[in-house]
Amino acid sequence: MSARRQAVFVDVDTGVDDAMALAYLFGSPEAEVVGIASTAGNVGVQQVCENNLGLLQLCGRTGVPVSKGAEVPLSAPLRTAEDTHGPQGLGYARLPDPTSEVTSYDAAQAWVRAARAHPGELIAVATGPLTNLALALRAEPALPRLLKRLVIMGGAFDYRGNTTPVAEWNVSVDPEAAAEVFAAFSDTGELPIVLGLNLTENVMMTPQLMSSLAAAAGTSSSPMSVDDPRGTASTASDPLIRVLEDAMRFYFEFHHDCGEGYLAHLHDPLAAAVALDPNLVTYRSAPVDVELTGTLTRGMTIADWSLRWGRKPNALIGISVDAEKFFDRFISRVGAFAAALPHS
Ligand code: BDR
Ligand code: CA
């Protein structure tokens, strides 16, 4: 590759789709993942760290620093989502034991260190609750100006929630953190890209697409089906595809039980792909804020499209996506990356 690789910092609550987002970034030749912040969310923060370290081990990327974040949100008690992502966060998948450990500094410091090490060049992606980003912004208020781009998977704009009738999971777990993050971007030129459920639910992984992924990795695997017994293990010989299939099966089953079909929304991989190529999505800018006190609406993200608040826009909200282009890219990149990993 002739062009320099772009430094990418990722904040995740791994999580099935977070793991797929990381695999996408590892498989993207223009990206260099320079740090991973582990945030409590889908599972507790210690488990998120173990998942990130185990995934790096599986992907042969043990040199990427993984930092542990806060145990709990800024002021709310922690809620986790084992029903959605499995008891350890990766569905039925089992990761190898990691040989590396978390950094001596925490995830908020990791944000600040990465931004200062790559001033004006760092691409950041947050696919979990925004607890550690909010703490990083308290420690370094210049952070928004140090970043080249920030992509947040969170919120639901003019769209129902997936956690309460109006709130999306990442914002709902730590609404105070999300509110602080949106406030911090009120005075900066470069607006964060915010991908809510209104957008990410257009990106649906299916058994057919999982078969295409296995084929792209050069591995044969039994097609996944709604008729399979629950927890049927992947037969893929490729170790990464096996983990992704075993993780995805749990996610399929969850979506199926929610009445959405035997499929799964790839919220976080879309955020990773948009971080590297914002042209996958179209946007509208608006002032965004988070409801913190509503008895029924806490955690709701509100976009003031008609500028009634008299505030400047602080977000670029994704409003349409080329899902087919995304999947073509996801399958070719993750497939090629999986094929190139050593098979034991
Ligand atoms: C978000 O919630 C989590 O469960 C997923 O990993 C994703 O980041 C979608 O609401
Ligand atoms: Ca996530």
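The values are calculated or read from the model by the stated rules, or taken from the named source; none is laboratory data. Because the structure is predicted, anything quoted here is derived from the model rather than measured. Cβ: placed from backbone, ideal geometry, glycine included. Neighbour counts: every protein chain shown. In case anyone asks, the SASA skips ligands and DNA or RNA and just uses the protein heavy atoms, side chains included. Shrake-Rupley method; radii C 1.70, N 1.55, O 1.52, S 1.80 Å.
Structure data summary
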read-out: Heavy-atom accessible area per residue - the chain, 1.4 Å, Å²; value: 39 Å²
read-out: Three-way shape call for region 119-258 based on the alpha-carbon gyration tensor, with the a/c threshold at 1.5; value: prolate
read-out: Cα gyration tensor category, rounded, prolate or oblate, for region 1-140 with a/c compared to 1.5; value: oblate
read-out: Sparse-neighbourhood loop sites, trypsin sites (Lys or Arg not before Pro) in region 87-174 - DSSP loop, at most 15 other Cβ within 10 angstrom; value: 94, 160
read-out: Rotationally averaged projected area of region 239-335 (alpha carbon convex hull; nm²); value: 8.8 nm²
read-out: Cα gyration tensor, region 1-61 - rounded (a/c under 1.5), prolate or oblate; value: prolate
read-out: Carbon/sulfur fraction of accessible area - region 186-344, other protein chains in place, 1.4 Å, %; value: 52 percent
read-out: Sequence-separation-based contact order of the chain, relative, with Cα cut under 8 Å and 6+ spacing, percent; value: 20 percent
read-out: 3J(HN,Hα) from dihedral phi, region 220-233, Karplus parametrisation 6.51/-1.76/1.60, rounded to Hz, x for glycine, proline; value: 9, 8, 5, x, 7, 9, 4, 7, 5, x, 4, x, 3, 7
read-out: Environment charge of residue 242, counting only residues whose C-beta is closer than 12 Å and scoring Lys/Arg +1, Asp/Glu -1; value: -1
read-out: At most 13 other Cβ within 10 Å, DSSP loop - trypsin sites (Lys or Arg not before Pro), region 164-261; value: 230
read-out: From the C-alpha gyration tensor of the chain, square roots of 5λ in Å; value: 29, 22, 19
